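Take a look at the structure set out below.
Every read-out reported here was derived from the displayed coordinates using simple, explicitly stated rules and does not represent laboratory data. Given the structure is predicted, the values throughout are model-derived calculations rather than measurements. For neighbour counting, all protein chains shown are included, and Cβ atoms are generated from backbone atoms with ideal geometry for every residue, glycine included.
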Amino acid sequence: MNKKAVFLFLGAIISIVIYIFFYDILEFLKKSDPKTIPIISLIGGFTGASIGQVVGHYFTQSRDTIKDTKEKYQNLYSPIAHKIIYYLECEQDYFKKILMPSYLGRSTHSTPDQAFKNVLDIVNNNMKYATPEIIAMSEELNRLSNSNWNENRSKRMQLCESLLTKYLYLSKNLNSILPTTEKSVTDALFICKFDILCKSCYYYKLPGHFLNHGDIISSVKNTNELNKQIDKAKKQIIKLREKNKKHNDKMVASCFDPGITCLKNIIETISSNIDIKVNLMTVAYNDEKEMNDYISQMDAHGVVG
């Protein structure tokens, strides 16, 4: 139920309550001693004023909430959503140049680091509209700057995921999102979530190859459903790792099975042709071998050594 419907519903309920209240008062007055009428009138006046004050406070608070939501949307989340989409396109361009030597790049795209700097600049200039989680992530990325660019990609993706998720939430509350924009943002969110899941499963090469074939994502109709599958897999990994800590001193590969299964299912779902599917599955298979070797050196907390 949206806010307008809530207001109408509450208004109707309050009107009915007030009507019943005064109807009962009038019926009571007809049967009352004339000496009690001034007292009842005084009580009725106070009651009416109190109800009016409560109703007025509620609607004033609601207007303030809507105003605050619009300010957040207009100053931070709406402009940054489009900057993030552009940044992800630059990341895609970057990996195409690395993995496809014949690819010269798009003249309209800047380097990923510059594109992401523009994302951070918007957050830095509008901190008062950001959530504590977003502030913490952006401050860490400000500190890291361009050091270990590839190693910190998942940190960038986590920030982008939080910003895009908040954008979708606010825009739907304000009824201010076009279907085409929602599709673009949901696709961008999918790229972020896929990258983060790869990191959770210690799949280090798959994200780059996935971005190399990023053009196929726009043709996928159910990215919103894929996002839900990724979220579910991440929660299952966390649950299995916590359970493993209680019973083992070492990390076990089965903790990551939900994530690995999810990644492979996504490759099957989105691959537009056999060549792309074979490429991504081969990279995933190699990542899995390296992952198994890597986690065999971990304790149950994920510490290598």
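Annotations
- For the range 292-305, Karplus couplings with θ = phi - 60° (6.51, -1.76, 1.60), whole Hz, Gly/Pro x: 4, 5, 5, 6, 5, 9, 9, 8, 5, 8, x, 8, 7, x
- Pairs spanning more than 27 Å between alpha-carbon atoms, out of LYS70/LYS117; LYS172/LYS239; LYS83/LYS264; LYS72/LYS234: LYS172/LYS239; LYS83/LYS264; LYS72/LYS234.
- Mean shadow area of the range 72-177, taken as a quarter of the surface of its Cα convex hull (nm²): 7.1
- Least to most buried among ASP187, ASP231, ASP275 (fewest other Cβ within 10 Å first): ASP275, ASP231, ASP187
- Looking at the range 93-182, the trypsin sites (Lys or Arg not before Pro) that sit in a DSSP loop and have at most 13 other Cβ atoms within 10 Å of their own Cβ are ARG106.
- For ALA300, distant residues with modelled amide H under 5 Å away: LYS250, MET251
- Each residue of the range 185-201 is assigned a 3J(HN,Hα), and the resulting list reads 5, 5, 5, 5, 5, 4, 4, 4, 5, 4, 4, 5, 5, 4, 4, 5, 9 Hz, derived from the Karplus form 6.51 cos²θ - 1.76 cosθ + 1.60 (θ = phi - 60°), x at Gly and Pro.
- Whether the range 213-305 is rounded, prolate or oblate, judged on the alpha carbon gyration tensor where a/c under 1.5 counts as rounded: oblate
- Rounded to whole Hz, the Karplus (6.51, -1.76, 1.60) HN-Hα couplings of the range 259-274, x for glycine and proline: x, 5, 4, 4, 4, 5, 5, 5, 4, 4, 6, 8, 5, 7, 8, 5
- Above-threshold pairs, the threshold being 22 Å between Cα atoms, out of LYS128/LYS166; LYS96/LYS289; LYS205/LYS243: LYS96/LYS289; LYS205/LYS243
- By the count of other C-beta atoms within 10 Å, a proxy for reagent exposure, MET137, MET100 are ordered fewest to most as MET100, MET137.
- Look at ILE85, ILE274, ILE135, ILE230 and count the other Cβ atoms within 10 Å of each Cβ; fewest to most, that gives ILE274, ILE135, ILE85, ILE230.
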